[in-house]
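In what follows, a structure is listed as structure tokens, so that the remarks can point back to it.
The values are calculated or read from the model by the stated rules, or taken from the named source; none is laboratory data. Every value quoted in this text rests on a predicted model; they were computed, and no experiment measured them. A quick note on method: Cβ atoms are made from the backbone with ideal geometry, for glycine too, and the neighbour counts reach across all protein chains shown. Quick note on the areas: whole protein, heavy atoms, side chains included, nothing else; ligands and nucleic acids left out. Shrake-Rupley method; radii C 1.70, N 1.55, O 1.52, S 1.80 Å.
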Amino acid sequence: MMSRADRTVLSEWWWTVDRALLAALCGLMVIGIILCLAASPAVAARLGIADPFHFVNRQVLFLVPAAVVMIATSFLSPRALRRICVVVFAVFFVLLMATLVVGPEVKGARRWLTIAGVTVQPSEFIKPAFVILAAWLFAESTKRPEMPATLLAFGLLGSVLGLLVKQPDFGQSLLISLVWASLFFLAGLRWIWMVGLVGVGAGGGFIAYMTVSHVQKRINRFLNPDSGDTYQIDAALNSFRNGGWFGQGPGEGTMKRMLPDGHTDFVFAVAGEEFGIILCLIILALFAFIILRSLSRASKESDPFSRFAITGLALLFGLQAAINMAVNVHIAPAKGMTLPFISYGGSSLISIAFGMGMLLALSRKRPGAAALAALTEKPSVEPVARPVAPPAGAMPDPA
Amino acid sequence: MVEKTPFSARISRFAADTAAALGPEIQKADAACAVLLDHVGRLAGAAGRALLRVLRRAAITTWTLASAIAVRLSHLSWRAGRHVVRGLFGLDRGDMETVARGRIKLIMFAFCAVFIAIATQLSHLAIISDPGATRGRSSDAVASARPDIIDRNGDIIAIDVKSPSLFAEPRRLIDPDEALEGLLKVLPDLDVEESRKRLNSGKGFAWLKREITPAQMRAIHRLGIPGIGFLKENRRIYPDGPILSHVMGGVNVDNQGISGLEKYIDGRGLAELHLAGFATDRQQEPVELSMDMRVQHAVRDELIRAKNKFSALHAMAVVTEVNTGEIISMVSLPDFDPNVPGNPKDDAYLNRLTTGVYEMGSTFKALSFAMALDSGKIGLNSSFDARGAMHFGRFKISDYHAENRVLTVPEIFLVSSNVGTAKMVLSLGVEAHKAFLKKMGQLDRLRTELPESSEPIVPRRWGELNSATIAFGHGLSVAPLQAVMAVNSMVNGGYLITPTFIKRTPEEAQKVAVRVLKPETSDKMRYIMRLNAEKGTATKAEVPGYLVGGKTGTAEKVVNGRYAKNKLLTSFTAVFPMDKPRYLILVMLDEPKATSETYGFATSGWNAAPTAGKIVERIAPLLNIAPRQNLPNAEQLLRAPLKVADRH
């Protein structure tokens, strides 16, 4: 066990990081591996992959770097995070543009890039960086209203949204728009403007509904299940019904063989069938815990950037989880959205680990003095080093 | 001044007045008493006042506190509410941090709402789920296990046997046509079109044939067709085949009871067990019936012979234990083999003893006699004029063997006189007749464990003519088992006991027994029934050594609304041994034909009665009743009535 008296970086980290949050995130990762074991062999068999554990092996392979990324990121200071995010955003913005040109078309969309044999989905990586940048801009706008930070934020949203719609990827577009709007809302947007913004969002959605056929089909199917093929959602609902409270038992599921995206978008349904609604409720509770704890941390945060960033990252994570689970239990129209940490997918896993690492870093306990310094810092001068005062109960630092 | 004197003083004065006469000692004690009373009164008053004071103070304090708390609470809640509203909606626009905090709380509320919605939907899905059914499908034994059924001696009547069923997983089939071709080699009786449709359905699961033999299973297994599999299912087997067909009823392909006692067993909770998916458990207690398979065999054998000999359309017989109401045997011919699925609308599937209703004919006269003797107004020495015929408007009641003389009550029974019986019943009145039949359970549907039963057909308007004809068994149709229940009560000492198919002890029977007749009436009925076998219409049912008694019945069947003279329903009710009755046998033959042996007669005494006699002869040893010598004659039965202790 680490001593509170230790002044090593690791010890500082251990005593300041939100350990409950960390435990919940690790719990999700473990559940993700178990559910991948349950769901993906059926998918591998259907896709004709000889090794039934193909997806499991890959998921574990990605989990190691993901865990490293998460822990490593959580060591960083808010300022370092901001800088990294600028770099990450710039790199993946370029890659995002590249997908439109050189990306292969899969199921009618250009979302993936193959770099040195690894398939990457730039939109996954750009999300956390986008959130941090947006949070920074909105924080600046509350601190110094004279700067055109809000305008820049609009520009940021517009550029990313444009690329995502071009792919097209409406799920990610919806997600980053919602997070961006929430941050704008936190930044003190007047209610009347909020209503206007919601109106614009609704208008955008309506235009998508009118002009993009697959969006239209999905919404129609949700509103009226008889209007089209509801195979996937029916299979998902049957999975839950099959499972009941306690599930059919590991490996006993049968509906998973019929779920086309059992290992990704509909992994929650597979969890329901094999391990029961009880496990689903536990997963739901873990997500709720992570999100509500992060948000309550954010509301206590005095530094605007940290507050906006934590809120944004928690929203990104929470909205994605909530939309995925809502689609699985059929209280929202079908939308390709993965369940964070649980669904199979390397890009998504590492991107989410990066985002959660930043969340952990930002939610670390910082002494009030440092926070005050951050609040009153000069526009161009960042504090060179953040002194970390001992937490309450520790020996007072003689220095 | 008297009215103003204190109570205690008045008492003491009264006491003093009395005491003056009684003596100074008493007077002294009384004075002490008065002082004590005075003190008690004063103490009570003081205590009451103190209590009131405390109560008043408590009330004032409570009120003050409550109002103070209410004021404080309303103030607090107003402030808290205002704070929450302002915080949530960012009305305190001055401070951006407060706004952001309030709005984060709003976002948290929104998230909570979404998560609660998802959790609610998940719970809903869990509640409407049916994991048991699918679990049953994925594991063996789809059809539920049923308890074994055994007879009163523990012999097996019905048992579950595991047998394989053939299914396909059409989605996994490589070539449905090739698969069908292979299957047809082993199962040539497979419905080709239906099977082809199922194999091409593309579903995950489809039954092909339920309950195949192990040899067929091995042969299909050797074909090695992918996507074809077997599930072990429970199949109901009745080792004795048609012997106990109607009573058993049957099960469907999912091993659920659909008729007879099998349905009754489901109704006792097995169906619920099955739904819950627990019926696969083999630890079920066997169901013990009151039936005796050996007796059932003998009765059915004799009945088939009788049916063939007299070329009857249908033949029925039932044996009951008169003291417990247990049904020992029940045969209704034609019958069916419950192992073989058939069309339940088929004539053979009708249990005529419970589902059929008949005008019982003279057998019903026993009820009239029991009523007459139980009324106390008519004794064995009473007599009725049975000369000529009775006329009711255009209807005429006459006797089959007209004696044309005044007959005593036993004589009416022995010659089975319609006129005499009708006059006897009418002398007691129509209402009394109706009430008696109601009491004997003849006007309501008899419900036993068998789900199949019928309502008796009772005349809507019941006048003198109805009573006169019902007295000798026409004009009221009842289920034969219902009449048996009534006759049971005439010989068992006067207890009406609902018949049962489940084994029960005399003690259990006594709990459900209702006394409907006086014990003396029962003794008199035993006497005349025995007398009938000695020198009346039932002489052909006599079996030496068993002291059989009984009543014949010959009813004319109604054809096209009229009684047909040549279409008869003959019946015979036999009871033995008459000095201490144990068993009752009812034999019924539908349209028996006269043979050379019967000298051209087709009435009950010539067919049903001898059949009953033969049955007694065969089953009495099985039922542990030995033939005796030096039996009492009918008169002695009267002089030695049954003691209660003897009855069982």
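Screening A:P304 on (1) at pLDDT below 85; (2) more than 7 Å from every other protein chain (Cβ to nearest Cβ); (3) surrounded by fewer than 23 Cβ atoms within 10 Å (Cβ to Cβ) shows it passes everything except condition (3).
Determine whether A:T230 is over 30 Å from A:S306 (Cβ atoms), within 14 Å of chain B (Cβ to nearest Cβ), open to solvent by less than 70 Å² (accessible area, probe 1.4 Å) and at pLDDT below 80. If you could, list the steps in order and put the result at the bottom.
Details: over 30 Å from A:S306 (Cβ atoms): yes; within 14 Å of chain B (Cβ to nearest Cβ): no; open to solvent by less than 70 Å² (accessible area, probe 1.4 Å): yes; at pLDDT below 80: yes.
No; evaluated as a whole, the condition is false for this residue.
Looking across segment A:1-41 at every residue that is among the small types (G, A, S) and open to solvent by less than 20 Å² (accessible area, probe 1.4 Å), the one that is modelled with the highest pLDDT is identified as A:A24. Taken together, the residues in segment A:142-179 that are away from every other protein chain (no Cβ under 14 Å) and part of a loop (DSSP other than H, G, I, E, B) amount to 6.
For every residue, the table says whether it meets (1) under 26 Å from B:N492 (Cα atoms); (2) without any contact (Cβ under 8 Å) to a residue 60 or more places away in the chain.
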site: B:R294; (1), (2): yes, no
site: B:R300; (1), (2): yes, yes
site: B:K309; (1), (2): no, no
site: B:V319; (1), (2): yes, no
site: B:N343; (1), (2): no, yes
site: B:M371; (1), (2): yes, no
site: B:L380; (1), (2): yes, no
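Taking the options A:S299, A:S294, name whichever one is within 11 Å of another protein chain (Cβ to nearest Cβ) and either surrounded by fewer than 22 Cβ atoms within 10 Å (Cβ to Cβ) or outside any helix (DSSP H, G or I) (or both). Working first, answer last.
Working: A:S294 fails: either surrounded by fewer than 22 Cβ atoms within 10 Å (Cβ to Cβ) or outside any helix (DSSP H, G or I) (or both).
Residue meeting the stated conditions: A:S299.
In this structure, does B:A574 turn out to be open to solvent by 10 Å² or more (accessible area, probe 1.4 Å) and either of a type outside the set (D, E) or not in a loop (DSSP other than H, G, I, E, B) (or both)? Please lay out each step first, then the result.
Numbers: open to solvent by 10 Å² or more (accessible area, probe 1.4 Å): no; either of a type outside the set (D, E) or not in a loop (DSSP other than H, G, I, E, B) (or both): yes.
No.
State whether one or more residues within segment B:533-540 are in contact with a Pro (Cβ under 9 Å, 6 or more places away or on another chain) and at pLDDT below 85. Full working, then the answer.
Restricting attention to segment B:533-540, the residues satisfying the condition of being in contact with a Pro (Cβ under 9 Å, 6 or more places away or on another chain) are B:536, B:540.
From the residues that got through so far, the ones that are at pLDDT below 85 too are B:536, B:540.
Checking segment B:533-540: at least one residue is in contact with a Pro (Cβ under 9 Å, 6 or more places away or on another chain) and at pLDDT below 85.
Taking segment B:168-266 and the helices (runs of 4 or more DSSP H) fully enclosed by it, the elements with 1 or more residues that are more than 30 Å from B:L303 (Cβ to Cβ) are at B:176-186, B:192-199, B:214-223. Taking B:Q482 as the residue in question, decide whether it is assigned to a helix (DSSP H, G or I), more than 22 Å from B:K377 (Cβ to Cβ) and open to solvent by less than 10 Å² (accessible area, probe 1.4 Å). In short, yes. One residue stands out in segment A:182-201 among those that are within 29 Å of A:K300 (Cα to Cα) and either among the basic types (K, R) or away from chain B (no Cβ under 11 Å) (or both): the one that is surrounded by the fewest Cβ atoms within 10 Å (Cβ to Cβ), namely A:I192.
With B:N308, B:N339, B:N351 as the choices, which residue is open to solvent by less than 40 Å² (accessible area, probe 1.4 Å), more than 17 Å from B:V616 (Cα to Cα) and polar (S, T, N, Q)? So that I can check it myself, show each step before the final result.
Details: B:N308 fails: open to solvent by less than 40 Å² (accessible area, probe 1.4 Å); B:N339 fails: open to solvent by less than 40 Å² (accessible area, probe 1.4 Å).
Selected residue: B:N351, the only one of B:N308, B:N339, B:N351 that is open to solvent by less than 40 Å² (accessible area, probe 1.4 Å), more than 17 Å from B:V616 (Cα to Cα) and polar (S, T, N, Q).
From the list A:L349, A:L339, A:L319, A:L359, the lone residue that is within 13 Å of chain B (Cβ to nearest Cβ), open to solvent by less than 10 Å² (accessible area, probe 1.4 Å) and touching a Ser or Thr at 6+ places or on another chain (Cβ under 9 Å) is A:L339. A:D303 meets each of the listed conditions (1) more than 23 Å from the chain's Cα centre (by Cα); (2) over 28 Å from A:V43 (Cβ atoms); (3) among the acidic types (D, E) apart from (1).
Restricting attention to segment A:327-336, and to residues there that are open to solvent by 10 Å² or more (accessible area, probe 1.4 Å) and within 12 Å of chain B (Cβ to nearest Cβ), which single residue is farthest from A:N238 (Cα to Cα)? Can you show your working first?
We begin by selecting, within segment A:327-336, every residue open to solvent by 10 Å² or more (accessible area, probe 1.4 Å); these are A:330-336.
Subsequent filtering for residues that are within 12 Å of chain B (Cβ to nearest Cβ) retains A:330-332.
Numbers: A:H330: 11, A:I331: 15, A:A332: 17 Å.
For segment A:327-336, the residue satisfying everything is A:A332.
Being open to solvent by less than 10 Å² (accessible area, probe 1.4 Å), assigned to a helix (DSSP H, G or I) and within 14 Å of another protein chain (Cβ to nearest Cβ) is the filter here, so list the residues in segment A:250-269 that pass it. Across segment A:250-269, the qualifying residues are A:F268, A:A269.
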